[in-house]
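Some notes on the structure that comes next.
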Amino acid sequence: MQGCRKPCRRFFPYLVPEFSGAVPKAGIAHYCQELVSFTILTKKLEKKRKDRFDGKERSFETASGSTANQMKTKNMILITGANGQIGSVLTGALRDRHGTDAVLASDIRRPMTSDGPFEILDVLYASRLRELVEKYGITQIYHLAAILSAKGEQHPQQAWDINMRGLFNVLEMARDFNLRLFFPSSIAVFGPTTPRLQTPQDTITQPTTVYGISKIAGENWCQYYFLKYGVDVRSVRYPGIIGYQSLPGGGTTDYAVEIFHEAVKGNSYTCFLKEDASLPMLYMDDAIRGTLELMEAPAARIRIRTSYNMAGLSFTPAEVTRAIQQYVPGFSVGYEPDFRQQIAESWPSSIDDSAAREDWGWKPEYDLDNMTRDMLSHLADHYLVKLPELG
Ligand SMILES: NC(=O)c1ccc[n+]([C@@H]2O[C@H](COP(=O)([O-])OP(=O)(O)OC[C@H]3O[C@@H](n4cnc5c(N)ncnc54)[C@H](O)[C@@H]3O)[C@@H](O)[C@H]2O)c1
């Protein structure tokens, strides 16, 4: 059996899960299975791809402007990384829109609660991904599974592996099954050499975090699959996402969620960024609405196939503290900057998202004051706390 493992590693590195330190060690039998299924599938796929380019299967826009995806009668959506900060909210929003059974949530662990179809899926396992795509007749994938910026700096190789290999596996699936794909990029694609104010859509991208490097490479691979294979892939560069519905999972902007929870619970908060660290942010409700609008826009409106800048608001820890104090007067914040401050300093403080506005009508609704009110009132309900100043 040992002999099977070496060829797997040598020839099919993107199919061998053990390349990532993150995944539990799989048995040798698994490698054999991957290798066998890969070999069987290769021939089928080559035929499918040939058919596509012979015109038997259309993945590009038709003369009437509709895509093959739109022509399918019913959407069946797969979300990877669905238990995360964004995924747990996006799953509900997509189920409201398309019906509970039309949205398959997946992650590496079962969620605490689930009100619809869920499957365990580690995006490093290409054969499992394919199995689910076939079993459920998937037409769209929202690929959210990733390791974020702060965690990525602690485990750089794992972050690169999951972020890149996961994306490759999903891109290949989109290519083979003619799927529409959403890939969330990040403002982390920018770096210290990028203009910090109103960062333009097209500018210098020299990120200094492994997360940023993986996202800028991912954006370019998305564009490559669009140009070369006609994959309908769409992407935005999210700023820091703030929401009451879920907790963040290891990013540099996590403080902007934590601070609200501590304020409502009547605690003080120690911030891991400096008080004047200004960063672009976006309220969850805006982020979800924008994501759905992008995915539902006619393909002809999507001019950018790397990733769109997306902005909501920008603030510093001191500014959001003052906004909270209007409704929680005794709230206090101390500052103990750690390694995340350095990451924050390499990122823009505001973003020019005019391309997204022009192309598919993006427009955020929340500013600092109405976001603060909304966060506090939902969290007050959650923690059963009364905040009289909210009115
Ligand atoms: N939250 C933000 O502020 C923000 C900002 C910019 C971009 N993004 C991007 O949006 C996406 C979702 O972010 P999030 O905040 O929800 O992240 P998160 O860390 O909260 O969730 C990520 C999810 O991916 C899962 N996951 C990790 N490894 C996996 C694997 N190998 N296979 C399958 N699932 C795996 C985790 O279990 C987790 O549930 C990510 O791609 C992230 O890079 C998020």
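The values are calculated or read from the model by the stated rules, or taken from the named source; none is laboratory data. This is a predicted model, so every value here is computed, not measured. Counting neighbours? That spans all protein chains shown, and the Cβs are built from the backbone with ideal geometry, glycine included.
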For segment 310-327, does any single residue satisfy the condition of being closer than 26 Å to residue 219 by Cβ, within 19 Å of the chain's Cα centre (by Cα), part of a helix (DSSP H, G or I) and of a type outside the set (Asp, Glu)? no
Return only the number of the condition from (1) surrounded by fewer than 24 Cβ atoms within 10 Å (Cβ to Cβ); (2) within 15 Å of the ligand (Cβ to nearest atom); (3) more than 23 Å from residue 90 (Cα to Cα) that residue 209 does not satisfy. (1)
Filtered residues of segment 361-391 (kept if surrounded by 15 or more Cβ atoms within 10 Å (Cβ to Cβ), assigned to a loop (DSSP other than H, G, I, E, B) and more than 26 Å from the chain's Cα centre (by Cα)): 387
For residue 96, indicate whether it is touching a residue at least 60 places away in the same chain (Cβ under 8 Å) and out of contact with any Phe, Trp or Tyr (no Cβ under 7 Å at 6 or more places or on another chain). no
Give 329, 248, 317 a once-over and let me know the one that is over 17 Å from residue 355 (Cα atoms), at pLDDT below 95 and either more than 12 Å from the ligand (Cβ to nearest atom) or in contact with an Asp or Glu (Cβ under 7 Å, 6 or more places away or on another chain) (or both). 248
Show me the strands (runs of 3 or more DSSP E) entirely contained within segment 92-207 in which 2 or more residues are of a type outside the set (A, V, I, L, M, F, W, C). 103-107, 140-143, 180-186
Could you look through segment 136-176, keep only residues that are aromatic (Phe, Trp, Tyr) and in contact with a Ser or Thr (Cβ under 8 Å, 6 or more places away or on another chain), and pick out the one that is farthest from residue 105 (Cα to Cα)? 160
Of the residues 115, 122, 176, which is out of contact with any His (no Cβ under 9 Å at 6 or more places or on another chain) and within 11 Å of the ligand (Cβ to nearest atom)? 122
Show the residue pairs that are 6+ apart or on different chains and have beta-carbon atoms under 6 Å apart, the first residue being within segment 235-258 and within 19 Å of residue 321 (Cβ to Cβ), the second being modelled with pLDDT under 95 and near the ligand (Cβ under 9 Å from one of its atoms). 254/248; 257/248
For the list (1) of a type outside the set (S, T, N, Q); (2) touching a strand residue (DSSP E or B) at 6+ places or on another chain (Cβ under 7 Å); (3) buried (at least 18 other Cβ atoms within 10 Å of the Cβ), I need the number of the one condition that residue 89 fails. (2)
Would you mind finding the one in 142, 136 that is more than 8 Å from the ligand (Cβ to nearest atom), closer than 22 Å to residue 212 by Cα and either in contact with a strand residue (DSSP E or B) (Cβ under 9 Å, 6 or more places away or on another chain) or among the basic types (Lys, Arg) (or both)? 142
Determine which single condition residue 335 fails, assuming it passes every other condition in (1) of a type in the set (Phe, Trp, Tyr); (2) under 18 Å from the mean Cα position of the chain (by Cα); (3) farther than 28 Å from residue 88 by Cα. (2)
